[in-house]
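All remarks here apply to the structure that follows.
The values are calculated or read from the model by the stated rules, or taken from the named source; none is laboratory data. The structure displayed is predicted, hence computed values, not measured ones. Virtual Cβ from ideal backbone geometry, glycine too; neighbours counted across all protein chains shown.
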Amino acid sequence: MKLPLLALSTVVGALPPTSFTTRHTSHVPKSLKFRKDGTFQISIFEDLHFGENAWDSWGPQQDINSVKVIEKVLDAENPSLVVLNGDLITGDNAFLQNATAVVDEIVGPIVARDLPWASTYGNHDYQYNLTGEAILQHENRYQNSLTRSMVPGRDAGVSNYYIPVMPDHCKSKHHCAPELILWFFDSRGGFEFQAKQANGDFVGRPNWVDVSVVNWFQQTHAALAHEHKKVIPSLAFVHIPTNASLALQTVSKVNPNYQPGINDDYPASVQSQGWCPDGTNSGCAYGGQDAPFMKALTQTPGLMAVFSGHDHGDTWCYRWDEGTVVPGMDIRGSGLNLCFGQHSGYGGYGSWIRGARQVLVSKEKLRNQEVDTWIRLESGSAVGRVSLNSTYGHDWYPATPNDKTQCPTC
Ligand SMILES: *[C@@H]1O[C@H](CO)[C@@H](O)[C@H](O)[C@H]1NC(C)=O
Ligand SMILES: *[C@@H]1O[C@H](CO)[C@@H](O)[C@H](O)[C@H]1NC(C)=O
Ligand SMILES: *[C@@H]1O[C@H](CO)[C@@H](O)[C@H](O)[C@H]1NC(C)=O
Ligand SMILES: *[C@@H]1O[C@H](CO)[C@@H](O)[C@H](O)[C@H]1NC(C)=O
């Protein structure tokens, strides 16, 4: 049975688990809409890392702390959509019988405010006792979950899909073109479910966006442009950043006034790290398998920014300028912005102050393919407020303070 596509404003609750049986939820989710004032705002929570040490009191306390972060940010920002950008759960510590139980805790504050959400899965969401499929099934018990899985095949990963955002006046999606497309990608990683090598070690999973997904992205993007007879501006979300973020960080360098944000994870950990060019995963620093995805991102007209997590200590945005070739890379920049968010959860490494990146899209700025973004912190303040416009990277901004969370229970 398929989930009924009810209006988001109707009663939201858990459907019985038996109502969801299909592996692939390939239908396009109920589309989102711009607000009457012509804006659409996204709150990106990343690296929430729920479910640490379920057997002691420290772990569950971190989850309580993380719920408070979500509540504070949502109350301060009142977004149109929540994105959970990977590592929702620390699956490394999960028990097989209740690995996805914490999903209810994660989405509690989102459901209570009747907001829609969309997830990508991260390397910690794929562990011996946990899979992206299992999280998707648990999420999809809620009507407000827009997470889908549109690319079949064992190697594709799970959270690959898109969501159209329609103009506010649109009555039926068959009668108007989307204003904005949101792309979600699964960068995989972590370990195979319930699999061990002969020596007892877990079996590693490739940590890049698979080429089948890259092909689907390019074909679907072209089909949408053809259908609507124009390029629709878009944003993308993927848990693990690509090698371009690392190259810009280490070769071009991040400047605290031109790319404001914390830059503590240096060098950043990126897709294909730890893999060899031949697809084996021992003894290599970087295998280069993310190149097709990087190339596709730079070659996609209308794609304004890509948002990643994974590196909890990096929170900047970098505009990869048109025509710029980072030394050592043969992929040319196209003006695409590569952004990190903010470590949102109390689980996972690091004590950088918790928060969530906000993205404000307005119809007015979309004409020039510009969006505004900032990070809302748990403390209530907002930092790193920038316009991702054509001069981003050349405009001076105040540096972001590198604050840490001070608390007795974390
Ligand atoms: C999951 O199961 C473990 C072991 O039985 C238990 O200690 C833990 O409290 C359970 N967690 C949840 C969220 O149900
Ligand atoms: C997987 O779950 C089982 C059953 O709860 C538990 O005994 C085991 O320790 C877990 N393994 C890992 C690697 O988390
Ligand atoms: C990744 O970036 C490094 C520079 O940090 C560069 O040397 C390398 O060639 C890049 N790989 C690809 C596939 O672009
Ligand atoms: C980009 O935004 C910044 C900050 O709002 C502003 O100072 C700059 O003039 C803008 N650039 C363009 C081309 O609009």
Meets criteria (within 16 Å of ligand 2 (Cβ to nearest atom) and either of a type in the set (F, W, Y) or touching a Ser or Thr at 6+ places or on another chain (Cβ under 9 Å) (or both)) for A94: yes
Residues located in the stretch 84-137, provided they are more than 17 Å from the chain's Cα centre (by Cα) and among the β-branched types (V, I, T): T100, V102, V111
A305 vs. criteria more than 15 Å from W208 (Cα to Cα) and of a type in the set (A, V, I, L, M): yes
Odd one out for T298, checked against (1) among the hydroxyl-bearing types (S, T, Y); (2) within 16 Å of ligand 3 (Cβ to nearest atom); (3) closer than 25 Å to W117 by Cβ: (3)
Filtered residues of the stretch 279-322 (kept if part of a helix (DSSP H, G or I), farther than 17 Å from T220 by Cβ and of a type in the set (A, V, I, L, M)): A291, M294
Strands (runs of 3 or more DSSP E) lying entirely in the stretch 328-410 (those with 1 or more residues that are closer than 30 Å to D92 by Cα and more than 16 Å from ligand 1 (Cβ to nearest atom)): 336-340, 355-362, 371-377
Any chance I89 is within 16 Å of ligand 2 (Cβ to nearest atom), among the β-branched types (V, I, T) and touching a Ser or Thr at 6+ places or on another chain (Cβ under 9 Å): yes
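When you scan the stretch 369-396, how many residues do you find that are on the phi > 0 side of the Ramachandran plot and more than 11 Å from ligand 4 (Cβ to nearest atom)?
So the answer is 3.
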Checklist (1) closer than 18 Å to T409 by Cα; (2) more than 14 Å from ligand 1 (Cβ to nearest atom); (3) surrounded by fewer than 24 Cβ atoms within 10 Å (Cβ to Cβ) applied to V69, failing item: (3)
Meets criteria (charged (D, E, K, R), within 16 Å of ligand 3 (Cβ to nearest atom) and over 21 Å from H124 (Cβ atoms)) for K229: no
Some residue of the stretch 339-359 being closer than 24 Å to G288 by Cβ and either buried (at least 19 other Cβ atoms within 10 Å of the Cβ) or polar (S, T, N, Q) (or both): yes
Criterion (more than 16 Å from ligand 2 (Cβ to nearest atom), modelled with pLDDT of 95 or more and surrounded by 13 or more Cβ atoms within 10 Å (Cβ to Cβ)) met by exactly one of L81, L8: L81
Per-region count, the stretch 142-178, residues more than 22 Å from F191 (Cα to Cα), aliphatic (A, V, I, L, M) and either free of Cβ contacts under 8 Å to residues at least 12 places away in the same chain or not in a strand (DSSP E or B) (or both): 2
